[in-house]
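Peer 1: Have a look at the structure that comes next, please.
The values are calculated or read from the model by the stated rules, or taken from the named source; none is laboratory data. None of these values were measured; they are calculated from a predicted model. A quick note on method: Cβ atoms are made from the backbone with ideal geometry, for glycine too, and the neighbour counts reach across all protein chains shown. In case anyone asks, the SASA skips ligands and DNA or RNA and just uses the protein heavy atoms, side chains included. Shrake-Rupley method; radii C 1.70, N 1.55, O 1.52, S 1.80 Å.
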Amino acid sequence: MACLGPSAPVPELPEKNCGYREVQYWDHRYQGAADSAPYEWFGDFSSFRDLLEPELRPLDRILVLGCGNSALSYELFLRGFPDVTSVDYSSVVVAAMRARYAHVPTLRWETMDVRALGFPSGSFDVVLEKGTLDALLTGEQDPWTVSSEGIHTVDQVLNEVSRVLVPTGRFISLTSAAPHFRTRHYAQAHYGWSLRHATYGNGFHFHFYLMQKGKELSVAQLALGAQILSPPRPPTPPCFLQDSDHEDFLSAIQL
């Protein structure tokens, strides 16, 4: 799931998966992050470069959500995309990244909650997230039936993403979540974008979603999106075949 540097230690895991949603866990985990190797959720830049770079332009204003201590923002700079702002709600990792990349003034780092971004509307051409939504959904018991809290959390983030994008902006999401889990979140008409999906990685595949503002979702995608707004159906009672004492069907078979 993650790609570490050759000498990077295995990070301390939370006691429960829902700990990934807590800023206290990340503040503790990122102590000393300025001097440690980057930790890459869902592959490093080379693994999805061929999908990502064609969607970017050199003058794009790019926002990276939940940056952690990933090298993604710096890799974008090295590949010719210098205008990158990265946010994370852990002030510890933001301070570490500012220190690590102090020699690159076009890379900006801000402490911010992705559910309430402090940027004016239409500030960015591209918004990128890699694993941030996955972390916010770690408390879900059943990925097929997301809780109302989980649905609301994702909607908060996606509303903010849509708001800070320019009318023709792109939202790119890299995740472990396959389309049958994630498409229904993205396929909401009020975000004002289209949706495209691809996979990347060797062996285990990760997922690359591209949302283009100013374009429309397909009818099939809208139908999937509607499912997440519907209340869960009660389970269907099992149906058993029953013998009837009044029908001797075996003796009625003609050989």
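Conditions (1) in a loop (DSSP other than H, G, I, E, B); (2) at pLDDT 95 or above; (3) surrounded by 22 or more Cβ atoms within 10 Å (Cβ to Cβ); (4) under 18 Å from the mean Cα position of the chain (by Cα), marked per residue:
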residue: 51; (1), (2), (3), (4): no, yes, no, yes
residue: 54; (1), (2), (3), (4): no, yes, no, no
residue: 59; (1), (2), (3), (4): yes, yes, no, no
residue: 63; (1), (2), (3), (4): no, yes, yes, yes
residue: 74; (1), (2), (3), (4): no, yes, no, no
residue: 80; (1), (2), (3), (4): yes, yes, no, no
residue: 108; (1), (2), (3), (4): no, yes, no, no
residue: 115; (1), (2), (3), (4): yes, yes, no, yes
residue: 121; (1), (2), (3), (4): yes, yes, no, no
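Peer 1: Mind checking which residues of region 177-203 are small (Gly, Ala, Ser) and in contact with a helix residue (DSSP H, G or I) (Cβ under 7 Å, 6 or more places away or on another chain)?
Peer 2: Within region 177-203, 177, 187, 189, 192, 198, 201 qualify.
Peer 1: If only one of 138, 168, 85, 145 is over 16 Å from the mean Cα position of the chain (by Cα), polar (S, T, N, Q) and assigned to a loop (DSSP other than H, G, I, E, B), which one is it?
Peer 2: None of the others qualify; the one that does is 145.
Peer 1: Considering only residues that are among the hydrophobic types (A, V, I, L, M, F, W, C), surrounded by 12 or more Cβ atoms within 10 Å (Cβ to Cβ) and over 17 Å from residue 54 (Cα atoms), which ones fall in region 206-233?
Peer 2: Answer for region 206-233, where residues must be among the hydrophobic types (A, V, I, L, M, F, W, C), surrounded by 12 or more Cβ atoms within 10 Å (Cβ to Cβ) and over 17 Å from residue 54 (Cα atoms): 206, 217, 222, 223, 224, 226, 228.
Peer 1: Checking residue 155 against (1) under 20 Å from residue 72 (Cα atoms); (2) within 16 Å of the chain's Cα centre (by Cα), which test does it fail?
Peer 2: (1)
Peer 1: Another question, then. Looking at (1) in contact with a Ser or Thr (Cβ under 6 Å, 6 or more places away or on another chain); (2) closer than 18 Å to residue 88 by Cβ, find the lone condition where residue 123 falls short.
Peer 2: The failed condition is (1).
Peer 1: Taking only region 205-217 into account, find how many residues are without any contact (Cβ under 8 Å) to a residue 60 or more places away in the chain and over 13 Å from residue 183 (Cα atoms).
Peer 2: Of the residues in that region, 6 qualify.
Peer 1: Kindly indicate whether residue 93 is open to solvent by less than 20 Å² (accessible area, probe 1.4 Å), more than 16 Å from the chain's Cα centre (by Cα) and farther than 21 Å from residue 166 by Cα.
Peer 2: Answer is yes for this residue.
Peer 1: Just to be sure, is residue 181 in contact (Cβ under 8 Å) with a residue 24 or more places away in the chain, open to solvent by less than 10 Å² (accessible area, probe 1.4 Å) and not hydroxyl-bearing (Ser, Thr, Tyr)?
Peer 2: Against the criterion (in contact (Cβ under 8 Å) with a residue 24 or more places away in the chain, open to solvent by less than 10 Å² (accessible area, probe 1.4 Å) and not hydroxyl-bearing (Ser, Thr, Tyr)), residue 181 does not qualify.
Peer 1: Please enumerate the residues belonging to region 188-205 that are surrounded by 21 or more Cβ atoms within 10 Å (Cβ to Cβ) and either touching a strand residue (DSSP E or B) at 6+ places or on another chain (Cβ under 6 Å) or in a strand (DSSP E or B) (or both).
Peer 2: Passing the criteria: 193, 195.
Peer 1: Would you please list the contacts, defined by Cβ atoms under 7 Å and residues six or more apart or on different chains, that run from a residue in region 44-63 that is of a type in the set (Gly, Ala, Ser) to a residue that is at pLDDT below 95 and part of a loop (DSSP other than H, G, I, E, B)?
Peer 2: 47/201
Peer 1: Do any residues in region 132-147 that are more than 17 Å from residue 173 (Cα to Cα) and free of Cβ contacts under 8 Å to residues at least 24 places away in the same chain have Cβ atoms under 8 Å from those of residues that are assigned to a loop (DSSP other than H, G, I, E, B) and of a type in the set (A, V, I, L, M, F, W, C), where the two are at least six apart or on different chains, and which pairs are they?
Peer 2: Close Cβ pairs (under 8 Å, with a partner that is assigned to a loop (DSSP other than H, G, I, E, B) and of a type in the set (A, V, I, L, M, F, W, C)) amount to 140/146.
Peer 1: Six or more apart or on different chains, Cβ atoms under 9 Å: show the pairs whose first residue is in region 102-123 and at positive phi and whose second is among the β-branched types (Val, Ile, Thr) and outside any loop (DSSP other than H, G, I, E, B).
Peer 2: Listed pairs, sorted by first residue: 122/164; 122/166.
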